[in-house]
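The values are calculated or read from the model by the stated rules, or taken from the named source; none is laboratory data. Quick caveat: nothing in here was measured; it's all calculated off a predicted structure. Quick reminder, even Gly has a Cβ in these numbers, built from the backbone with ideal geometry, and neighbours come from all protein chains shown.
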Amino acid sequence: MRHTLPIAPQFYVTAAQPCPYLDGRHERKLFTALQGDTAEKLNNALSKQGFRRSQNVLYRPSCSDCCACLSARIRVADFKPNKSQRKTLKRNAHLRREATSPWATEDQYALFRRYLDSRHADGGMADMDIFEFAAMIEETPVRTRVIEYSERTQEGSDRGRLVGVCLTDVLDDGLSMVYSFYEPELRANSLGTYIILDHIELAREVGLPYVYLGYWVPGSRKMGYKAAFSALEIYKHGKWQDIGDPNSHSTETHPLEVEPIAEQVARLSLPEATPPSRRGSFDT
């Protein structure tokens, strides 16, 4: 009898650092390496359990006194844009979308620098040089695309100025928006919202049921915009559930809500490894 064993990655915890979302708190991350033949399966499995990818690492917040970071995704089939979002779609209807391989360009980096300098000048990525940027885009062991948004020329067929970029993983059940950035001078266009709306449409076009947005954090103004999307689910207490009233999740900042690291790892559902084929063998 042949037994199939689960993929068994090693998990680690980062040292505590100041939280970028909630003042006076510290963040810690549970993470594992993403590499080899099992990378695709592991990314699919752990993304469904609140993990996110950064290059060849999968991570999930695992803070010692808070569990406010809740992974969020949109149910594509149930999503309906509100009045403001419909205006955003109309305002950006002139943009051209192009999905490319994960390859960094000088135009992307120039836009990335303008975006950081305008919106996140004191953030953790503010000092990234072009080589680190290229690593963020190109170092991926899974199926990844760079979705570019550019203005159309007057002729309509040629590509004009690049105004938005999203690094996007293609999961077996959805699109995961790893990182997006856009032209800061076009603030009135709400490009961040538009890129999410367009990913919902892209997922619908290819028949994928979810768009993964990263983390929503109750009490954080930086993350509040995600709650404005209909059909939003959050990963809480080990399962996906409708967000409901965003104000009802404020207790997630209480230290008694936090499970020990060992229990968190023990409850993870890992994909099964595909056994190597052996000539002459058979299953019973």
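Select from region 241-284 the residues that are within 19 Å of TYR59 (Cβ to Cβ) and either modelled with pLDDT under 60 or not β-branched (Val, Ile, Thr) (or both) and list them in ascending order. Before you say what the answer is, go through the steps one by one.
Pass one, region 241-284, residues within 19 Å of TYR59 (Cβ to Cβ): 252, 258-271.
GLU252, GLU259, PRO260, ALA262, GLU263, GLN264, ALA266, ARG267, LEU268, SER269, LEU270, PRO271 - these are the residues of region 241-284 that are within 19 Å of TYR59 (Cβ to Cβ) and either modelled with pLDDT under 60 or not β-branched (Val, Ile, Thr) (or both).
Mind counting the residues in region 14-59 that are in a loop (DSSP other than H, G, I, E, B), touching a residue at least 40 places away in the same chain (Cβ under 8 Å), under 21 Å from GLY124 (Cβ atoms) and in contact with a Ser or Thr (Cβ under 8 Å, 6 or more places away or on another chain)?
The number of residues fulfilling the criteria is 7.
Pick from region 62-78 the residues that are within 19 Å of TYR12 (Cβ to Cβ) and of a type in the set (S, T, N, Q): which of them is modelled with the lowest pLDDT? Talk me through it step by step, then tell me what you get.
Initially, region 62-78 is screened for residues within 19 Å of TYR12 (Cβ to Cβ), giving 62-64, 67, 69.
Still in the running and of a type in the set (S, T, N, Q): 62, 64.
Numbers: SER62: 89, SER64: 80.
Top of the filtered list is SER64.
Pairs, please: C-beta under 8 Å, at least 6 apart or cross-chain, first residue over 16 Å from ILE74 (Cβ atoms) and in region 163-178, second acidic (Asp, Glu) and not in a loop (DSSP other than H, G, I, E, B)?
Matching pairs, first to second residue: VAL163/GLU151; GLY164/GLU148; VAL165/GLU148.
Determine, yes or no, whether GLY224 is at pLDDT 95 or above and either aliphatic (A, V, I, L, M) or surrounded by fewer than 18 Cβ atoms within 10 Å (Cβ to Cβ) (or both).
Details: at pLDDT 95 or above: no; either aliphatic (A, V, I, L, M) or surrounded by fewer than 18 Cβ atoms within 10 Å (Cβ to Cβ) (or both): yes.
Here the answer is no, as GLY224 does not meet what is asked.
So which helices (runs of 4 or more DSSP H) stay within region 76-195 end to end and still have 1 or more residues that are more than 22 Å from the chain's Cα centre (by Cα) and surrounded by 15 or more Cβ atoms within 10 Å (Cβ to Cβ)?
83-91
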